[in-house]
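So the structure is just underneath, and the comments pick up after that.
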Amino acid sequence: MEMSAPQTTTSKPIKPRSVSVLGSTGSIGCNTLDLIARNLEHFSVVALTGNQNVQLLAEQARIFRPELVVVATESSYMDLKKELSGTNIRIAAGDQALEEAANLNSDLVMAGIVGIAGLKPTITAIRRGATVALANKECLVCAGNLLFNELNKYGGTILPVDSEHNAIFQVFDFKQSDTVEKLILTASGGPFRETPIDKMARITPTEAIAHPNWDMGAKISVDSATMMNKGLELIEAFYLFPINEDQIEILVHPQSVIHSMVAYTDGSVLAQLGTPDMRTPISYALNWPRRLETPSPQLDLVKIASLTFEAPDFKRFPALTLAKESLSARGAAPTVLNAANEIAVEYFLDHKIGFLDIVKIVGQTLNKQSFKDPATIEEVDTIDKEARIIARELVSSITSVI
Ligand code: NAD
Ligand code: MG
């Protein structure tokens, strides 16, 4: 039997790694830059992109000195230009420019844009054979098959950043995937796991955004509150790992200490644990296949004392059923699920619809759609746009009743 010395895993990259951060002003983006700032001798920044927070984007650019800074909103171009006057940093605006940022030569692209807005830049990075640290789960939900076709064609790598998928990635035996019995995706259950059902209709955006364990952007926080996030993650897991859909189980674990598990046919269950701090999975992707020291506090299991588990409540959280059904249906359904959810969350955050309306709108949009299976990214784009129109019409029927 061949034995080899254990790999040194707790060191910095051998040669500095160049990184482009798409969505640098968001929660994932800021955590990524925090880790890079702590390891400036080992990472360099090639491109940064943001959407609305021009000041933060400019501040990041002044610190990290990328080649290119892109603001997605074209009308913010002049503001960004003013903020960065006197520097030699190239700036650009708009969707094409986002793709240009993804296309610049860097070792790794952090895909940290929220929503389907991140799909085209992510595809661009994949098509140049880059290593993509994928936080943007909506990409996989909308176009999982197409994205992996491109990945296989161009020979790049996807490293999962979402904490559950990153956990599974760390313990999944890719050489013996036939010995995997199931994936166990853990879920905190969000802030409303125990809220009396008759009070759920009145949940406000502020309450929905206040996640008990994780500090994240507004959209994913609302998704966690409806548990649509876990539904999206179920679809994400299906595309990321070589398993069947009926091999993915959701387990509610309110402490968010076990980030997910892989059960093997011999009865072994391997898990990855840690304090709920996204810098751990982000660091794993940034420095893969080596580990990187992070400021994330070490897990104190004596202090935590007990870890609890329960089955997900599909009645309270119908988003889980919608996601499962969309995955089974394949074709356009996951794209429609995601588009309708993005619209409904946007309107909820804008106080235009109630909390329970979010999933209602998603369900009704799915019922109304009859799109054919998308064969290209352009077709995904068209389905996404048309599903948004349906969802908006449904929203206006609700708001006219209110
Ligand atoms: P966020 O809202 O904090 O940040 C989103 C980023 O995307 C910002 O930089 C914003 O400027 C940019 N952006 C928004 N709309 C855009 C558009 N139309 N065009 C271009 N850029 C746009 O979101 P986040 O919490 O950092 O989440 C980012 C992604 O990572 C999401 O897909 C989310 O599901 C996933 N994720 C996040 C976390 C987390 O801890 N925050 C954990 C797991 C997965
Ligand atoms: Mg997650």
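Rounded to the nearest 20, the size of the Cβ-charge dipole of segment 17-161 about its Cα centre is 200 debye, with Lys and Arg at +1 and Asp and Glu at -1.
To put it simply, the accessible area of the chain at a 1.4 Å probe is 50 percent carbon and sulfur. Of the trypsin sites (Lys or Arg not before Pro) found in segment 110-141, those in coil by DSSP whose Cβ has at most 16 other Cβ atoms within 10 Å are ARG128. Sorting LEU22, LEU251 by solvent-accessible area of protein heavy atoms yields LEU251, LEU22, largest first, with a 1.4 Å probe. Couplings for segment 22-32, taken from phi via the Karplus curve 6.51 cos²θ - 1.76 cosθ + 1.60 with θ = phi - 60°, read 8, x, 5, 8, x, 4, 5, x, 5, 5, 5 Hz in order; Gly and Pro are left as x. With a Förster radius of 30 Å applied to the C-beta separation of THR157 and GLU249, the computed FRET efficiency comes to 0.65. Can you give the local net charge around ASP373? Use residues other than it whose beta-carbon is closer than 11 angstrom to its beta-carbon, Lys and Arg +1, Asp and Glu -1. Neighbour charge sum, excluding ASP373 itself: +1.
The magnitude of the dipole of the chain, with charges of +1 and -1 set on the Cβ of Lys/Arg and Asp/Glu and taken from the Cα centre, is near 580 debye. With a Förster radius of 45 Å applied to the C-beta separation of LEU307 and ARG65, the computed FRET efficiency comes to 0.55. Taking 0.36 nm per residue of separation and subtracting the Cα-Cα distance, full extension of the segment from LYS175 to GLU386 would add 71.9 nm. Figure note: CYS142, CYS30 ranked by solvent-accessible area, largest first, 1.4 Å probe, ligands and nucleic acids not counted: CYS30, CYS142. Shown here for segment 320-391: trypsin sites (Lys or Arg not before Pro) in loop regions (DSSP other than H, G, I, E, B) with at most 13 other Cβ atoms within 10 Å, namely LYS372.
The phi torsions of segment 116-124, fed into the Karplus equation with coefficients 6.51, -1.76 and 1.60 and a -60° offset, translate into couplings of 5, 4, x, 5, 5, x, 5, 4, 4 Hz, rounded to whole numbers, with Gly and Pro shown as x. The slack between GLN96 and LEU356, meaning 0.36 nm per residue of separation minus the straight C-alpha distance, is 90.0 nm.
Using a probe of 1.4 angstrom and keeping all protein chains present, the accessible surface of the chain works out to 45 square angstrom per residue. For the chain, a Kirkwood hydrodynamic radius built from all Cα pairs, placed in the Stokes-Einstein relation at 37 °C and 0.692 mPa s, yields a translational diffusion coefficient of 151 µm²/s. Computed about the Cα centre, the dipole magnitude for segment 323-398 is approximately 260 debye when only Lys and Arg (+1) and Asp and Glu (-1) carry charge, each at its Cβ.
Measuring against 19 Å, Cα to Cα, the residue pairs LYS120/LYS324; LYS137/LYS324; LYS82/LYS219; LYS182/LYS219; LYS315/LYS352; LYS230/LYS385 contain LYS120/LYS324; LYS82/LYS219; LYS182/LYS219; LYS315/LYS352; LYS230/LYS385 as the ones spanning a longer distance. Taking all protein chains as shown and a probe of 1.4 angstrom, PHE371 keeps an accessible surface of around 50 Å². Compute the signed sum of charges (Lys and Arg +1, Asp and Glu -1) over the other residues within less than 10 Å, Cβ to Cβ, of GLU342. Its environment carries a net charge of -2. For segment 330-402, the Cα-based Rg and Dmax, in that order, read 12.0, 39 Å.
Amide H contacts under 5 Å for ARG17: PHE43, SER44, restricted to partners 5 or more places along the chain or on a different chain, H placed in the peptide plane at 1.01 Å from N. What residues of segment 213-245 lie in the reach of a label at SER328, counting those whose backbone N is under 14 Å from a point 7 Å from the Cα along Cα→Cβ? From segment 213-245, the list is 245.
Per-residue ellipticity at 222 nm from helix content only, as computed over the chain with -39500 (n - 2.57) for each DSSP H run of at least four residues, stands at -13500 deg cm²/dmol.
For ILE248, the amide hydrogen comes within under 5 Å of the amide hydrogens of LEU183, counting only partners 5 or more places away or on other chains and with H modelled in the peptide plane. Listed values for segment 99-112 are Karplus-derived 3J(HN,Hα) couplings in whole Hz (6.51 cos²θ - 1.76 cosθ + 1.60, θ = phi - 60°), namely 5, 5, 4, 5, 7, 4, 6, 9, 5, 9, 10, 8, 8, x, and x replaces Gly and Pro. Over segment 17-161, the ratio between the Cα radius of gyration and 2.2 N^0.38 Å evaluates to 0.97. Summarising the strand pairing of the chain, around 25 percent of its internal DSSP beta bridges are antiparallel.
The values are calculated or read from the model by the stated rules, or taken from the named source; none is laboratory data. For clarity, every value in this text was computed on a predicted model and none was experimentally measured. Note that each Cβ is placed from the backbone with ideal geometry, even for glycine, and that neighbours are counted across all protein chains shown. Protein only, heavy atoms only, side chains kept; ligands, DNA and RNA dropped before computing areas. Shrake-Rupley method; radii C 1.70, N 1.55, O 1.52, S 1.80 Å.
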